[in-house]
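What follows is a short report on a single structure.
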Amino acid sequence: MSTSLSLTRWMPVVNPLSTWTLEKENLNDQTRAELAGKTFVKLSGGVVHYELAGPEDGQVVVFIHGLTAPSFIWDYQFHALARAGFRVLRYDLFGRGLSDRPRTRYSADFLDRQLVELLDALGIRQPVDLVALSMGAAIVVHFIDRHPERVRRFGLFGPAGYPVHVPFKYKLIQAPVVGDCMMKLLGNGIFRKALNRQPIRDRRRKEELKRHFLQQMRFKGFKRSVLSTMRHNPVLNLADVYRRVGKLGHKGILFWGTEDHVTPYVHHARVCDAIPSIEFHSFEKQGHSLNFDEPELVNPTLIQFLQA
């Protein structure tokens, strides 16, 4: 779940002949050396791509992306918060962007460990602010639940965590063998089709999203990693985790578009009920990629909340 990309919605109309053009390159030291200006760190699970900006003495804000679109999805918050005096960190989850695609179970434990090790490797010991989109919110609530002393405040955009209707084809793609074949044969076309149907109003931003998204699909292992996450990191039944986080007392803020069709808007009531202290902001006629599509609407409120 991220930027309203649905893996299965367009599956029936994908042309399989269009799926053999991506994931041809290996992501390794040689290909990374060709990426000027990028920063990487080696963790136990592999090499992670990250970006760090803003004054060194600023409050650290960590941005976490969702299921498919990597850390570029925070472009408009990353730079705005750095200018506002925050020390901002964003990174690509394993399997996405320019981070390694290890052959493993992409479970909640695995992604939690990635964040813990990244903060430790960068020498970030003080409590941080966590801001996440969609599936990234599952990582945030797990992290707060497990490491409450390492978090100051948090922000959630269209968070995952509560049950949604799962079409049969979505269940099918998670099945052993059958799902692997479906993702291998149809995956590239599914993602391309979904990208073309992104409900982003600004044409320039929509093209930017497509360019960055397809860049990560040059490298082998992206589809396999997404599929492993879907299988081993259930994010539709986290009600208990949300309730435990609500009892810890961390200040939080919630952003949700009324036309979010990936993580349904109606779930805002469940999040607010689980975390009574959370500050809720509703955005009329906005979709799942609210932070990328309409940063002018959300950035001032996010900055004000984190500065408080």
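Just so you know, all these numbers are worked out from the coordinates, no wet-lab data involved. This structure is a prediction, so every number in the text was calculated from the model and none was measured. Cβ: placed from backbone, ideal geometry, glycine included. Neighbour counts: every protein chain shown.
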Rounded, prolate or oblate: pick one for the range 66-134, where a ≥ b ≥ c are the square roots of the eigenvalues of its C-alpha gyration tensor, a/c under 1.5 means rounded, and failing that, prolate if a/b is larger than b/c, else oblate. oblate
Could you rank the peptides 296-306, 150-160 by their average count of other C-beta atoms within 10 Å per residue, with the highest value first? 150-160, 296-306
Name the residue farthest towards the positive end of the dipole of the range 196-308 from the options P264, F222, N237, assuming +1 on Cβ of Lys and Arg, -1 on Cβ of Asp and Glu, about the Cα centre. F222
Please report the equivalent ellipsoid semi-axes of the chain, computed as sqrt(5 x eigenvalue) of the Cα gyration tensor, largest first, in whole Å. 28, 23, 19
Okay, helix-only estimate at 222 nm for the chain: each DSSP H run of n ≥ 4 adds -39500 (n - 2.57), divide by all residues, round to 500 deg cm²/dmol; what do you get? -11500 deg cm²/dmol
Lysine pairs, Cα distance under 20 Å, 8 or more residues apart or cross-chain: how many in the range 185-262? 6
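Taking the mean number of other Cβ atoms within 10 Å as a proxy for protection, how do you rank 177-185, 263-271 from highest to lowest? Numbers along the way, then the final one.
Working: 177-185: 14.4, 263-271: 18.7.
Order by mean packing, descending: 263-271, 177-185.
When only C-alpha pairs under 8 Å and at least 6 residues apart count, what is the relative contact order of the chain, in percent?
Numbers: 561 pairs, mean separation 75.8, N = 308.
Computed over the chain, the figure is 25 percent.
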Can you work out the base-10 log of I(q)/I(0) for the range 108-161 at q = 0.20, 0.21, 0.28, 0.29 1/Å, using the Debye formula on its C-alpha atoms alone? -0.66, -0.73, -1.21, -1.27
Using a cut-off of 15 Å between alpha-carbon atoms, which aspartates and glutamates can reach K171, once sequence neighbours fewer than 8 places away in the same chain are excluded? D180
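Report the charge-dipole magnitude of the range 133-271 in Debye, nearest 20, computed about the Cα centre from +1 at each Lys and Arg Cβ and -1 at each Asp and Glu Cβ.
On the way: 27 positive and 9 negative charges, 93 e Å.
Dipole magnitude for the range 133-271 comes out near 440 debye.
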With just the Cα atoms of the range 115-234, tell me how far they stretch along each of the three principal axes, in Å, largest first. 45, 38, 29
Per residue, the convex hull enclosing the Cα atoms of the range 176-238 spans a volume in Å³ of 112 Å³
